[in-house]
Amino acid sequence: MNNQDTQLTVTAFFKANPGKLNALEQLADRFVERTRKESRMCAYGWSFHADEAHCRHRYQDAQGFLEHVENCLPLFQEALTISECTRLAIHGPEDELAKIRGPMANFDVLQYFTVRNSFRR
């Protein structure tokens, strides 16, 4: 099915290192503040359960996601000193996913999910 939607949805899961959950929660606040200024961001937020954190974000297109990576890479690297990124999944139409496969090739926990049909309101 032809999909005209260009949006990407990203879900990232982190497991805090022992004794580092509070530090991860504080870092999440910094991510939110830095991300708030991104023009192609549609939604962004963090959720917590026990020693796990889930970050969900949505972008207008691949360019928006790549801008986010450039903007927040230092914070992501900081997150990796206090937690493990256990899963990073990107959902979107193949045309948009193709634009990020090369730049994201070094992220070994990354999974791509191709949206085949969808709608938005």
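The values are calculated or read from the model by the stated rules, or taken from the named source; none is laboratory data. Keep in mind the model is a prediction, meaning the values are calculated, not measured. Note that we place each Cβ from the backbone using ideal geometry, even for glycine, and neighbour counts take in every protein chain shown.
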Report summary line: Going through (1) of a type in the set (Asp, Glu); (2) assigned to a helix (DSSP H, G or I); (3) under 30 Å from residue 119 (Cβ atoms) one by one, residue 25 fails only at (3)
Query - Single condition residue 103 does not satisfy, out of (1) at pLDDT 95 or above; (2) touching a helix residue (DSSP H, G or I) at 6+ places or on another chain (Cβ under 8 Å) - result: (1)
Requested in this report: Could you tell me whether residue 86 is of a type in the set (S, T, N, Q), surrounded by fewer than 18 Cβ atoms within 10 Å (Cβ to Cβ) and either touching a residue at least 40 places away in the same chain (Cβ under 8 Å) or under 16 Å from residue 114 (Cα atoms) (or both)?
Outcome: yes
Query raised in the report: Got a number for residues in the stretch 106-121 being under 16 Å from the mean Cα position of the chain (by Cα) and not charged (D, E, K, R)?
Result: 8
Report summary line: Note on the stretch 20-57: residues closer than 16 Å to residue 72 by Cβ, in contact with a strand residue (DSSP E or B) (Cβ under 8 Å, 6 or more places away or on another chain) and among the basic types (Lys, Arg) are 36, 40, 56
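Residues are listed down the side, and each one gets a yes or a no for (1) surrounded by 13 or more Cβ atoms within 10 Å (Cβ to Cβ); (2) part of a strand (DSSP E or B); (3) touching a helix residue (DSSP H, G or I) at 6+ places or on another chain (Cβ under 6 Å):
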{"position": "13", "(1), (2), (3)": "yes, yes, no"}
{"position": "39", "(1), (2), (3)": "no, no, no"}
{"position": "43", "(1), (2), (3)": "no, yes, no"}
{"position": "55", "(1), (2), (3)": "yes, yes, no"}
{"position": "63", "(1), (2), (3)": "yes, no, no"}
{"position": "68", "(1), (2), (3)": "yes, no, no"}
Query raised in the report: In the stretch 20-31, how many are loosely packed, with under 13 Cβ neighbours inside 10 Å and over 18 Å from residue 51 (Cα atoms)?
Result: 0
